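Read-outs throughout are calculated quantities, based only on the coordinates presented, and are distinct from any laboratory measurement. Note that this is a predicted model, so its numbers are computed, not measured. Every residue, glycine as well, gets a Cβ built from its backbone with ideal geometry; the counts of neighbours run over all protein chains shown.
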Amino acid sequence: MKNKISIINIQNNAVLADKVRVANTPLSRLIGLLNRKSLEQGEALILRPSCSIHTLFMRFTIDVLFLDRQGKVIAVFPSFKPFRFSPAYFNAYFTVELPEHTLKLTQTQPGDMIKITPD
């Protein structure tokens, strides 16, 4: 049985996601969310390692977090639309893709600490 992964903003104890997939191979990172029509509230995709993303050929808008190895938020991109490229953040190790509006609802911002944990 796989461990359930949760993503929590420890600054304000807000749960960003509790149904999390990890893309940690070149192929899984390349595919990312391209085979999805949407992300439901509570879902997320963690790309590891990752310092930039694209949303080419995606069908929906997402919220994006870039985190360093310790889980500190380096950059946030609320409402990141399809057919876009993010800047590269060379100090980022994780990229977290979330349903649109998650960052606003959880008040997640640069400098916050994020905990990614198996339950």
Hey, any hits in segment 61-70 for a residue that's over 26 Å from Lys4 (Cβ atoms), surrounded by fewer than 16 Cβ atoms within 10 Å (Cβ to Cβ), touching a residue at least 24 places away in the same chain (Cβ under 8 Å) and not hydrophobic (A, V, I, L, M, F, W, C)? no
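Residues in segment 39-56: is at least one among the charged types (D, E, K, R) and more than 11 Å from the chain's Cα centre (by Cα)? Working first, answer last.
Here is the first cut: in segment 39-56, the ones among the charged types (D, E, K, R) are 40, 43, 48.
Next cut, more than 11 Å from the chain's Cα centre (by Cα) only: 40.
Checked against the condition, which is being among the charged types (D, E, K, R) and more than 11 Å from the chain's Cα centre (by Cα), segment 39-56 yields at least one hit.
Which one of Leu56, Leu65 is closer than 17 Å to His101 by Cα and of a type in the set (A, V, I, L, M, F, W, C)?
Leu65
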Just checking, how many residues over segment 78-99 are closer than 17 Å to Ile46 by Cβ and touching a Leu at 6+ places or on another chain (Cβ under 8 Å)? 8
